[in-house]
Amino acid sequence: MKKYEIMYILSPRLDTKDIQNITDNIKNIFKEGKIFQFKEPELKTLAYPIKKHLKGFYIEILVEADNEMIANFYHILKVKKEDIIRSIVLNTIEERNKKIKENN
């Protein structure tokens, strides 16, 4: 399993119950892996409009996951595309350094 840093932004029109439902679904995806850090949703002003929204709820997660878990996360992004307005999944610096060492 690899370590990933995941950030996603939820629509500001969602209520607390909807936000909790989405975050619980995403946490469940990674229950077979390991969640090192989970930052609770925080409403922030966006640098530029995304899907006509000027604000959004930012959520950051640091996880250890396999490819299937990441694929399931991407599936939720497609299903909830109206609610999750932006996302990014990155290998952690530790994982990137490991790949560089393997190639040398």
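Where a number appears in this text, it was derived from the coordinates with a stated rule and is not lab data. Bear in mind that the values here come from a model prediction, so they are computed numbers and not experimental data. Glycine also receives a Cβ, built like all others from the backbone with ideal geometry; neighbour counts cover every protein chain displayed.
Can you tell me the 0 to 90 degree angle between the C-alpha axis of helix 67-79 and the longest principal axis of the chain, rounded to 10? Taking the Cα atoms of the chain, the angle to 67-79 is about 20 degrees. Compute a Gaussian network model of the chain, connecting alpha carbons closer than 10 Å, and tell me which residue from Ile26, Ile61, Ile88 fluctuates the most. Result: Ile88 has the largest fluctuation of those listed. When the C-alpha to C-alpha distance is required to be over 26 Å, the pairs from Lys27/Lys55; Lys3/Lys52; Lys3/Lys55 that qualify are Lys3/Lys52; Lys3/Lys55. Put in line by how crowded their Cβ is, counting other Cβ atoms within 10 Å and starting with the fewest, His75, His53 read His75, His53. Helix 93-103 and the longest principal axis of the Cα set of the chain meet at an angle near 30°.
Look at the alpha carbon pairs under 8 Å that are at least 6 residues apart: their mean separation over the length of the chain gives a relative contact order of 45 percent. Panel order for Asp24, Asp18, by other beta carbons found within 10 Å of each beta carbon, from fewest to most: Asp24, Asp18.
State the label only: which of [x] 47, 29, 22; [y] 69, 31, 21; [z] 42, 25, 25 corresponds to Cα extents along the principal axes in Å computed from the shown model? Answer label, from the structure shown: [x]. Note on Asn91 and Ala71: their simple-model spin labels are 1.9 nm apart, each label 7 Å out from Cα toward Cβ. Stretched out straight at 0.36 nm per residue, the stretch from Glu82 to Ile35 would grow longer than its current Cα-Cα span by 14.4 nm. Extension gain, Met7 to Lys44, is 12.0 nm, computed as 0.36 nm per intervening residue step minus the present C-alpha separation. Charge dipole (Cα centre; +1 on Lys/Arg Cβ, -1 on Asp/Glu Cβ; no other charges) of the chain amounts to roughly 340 debye.
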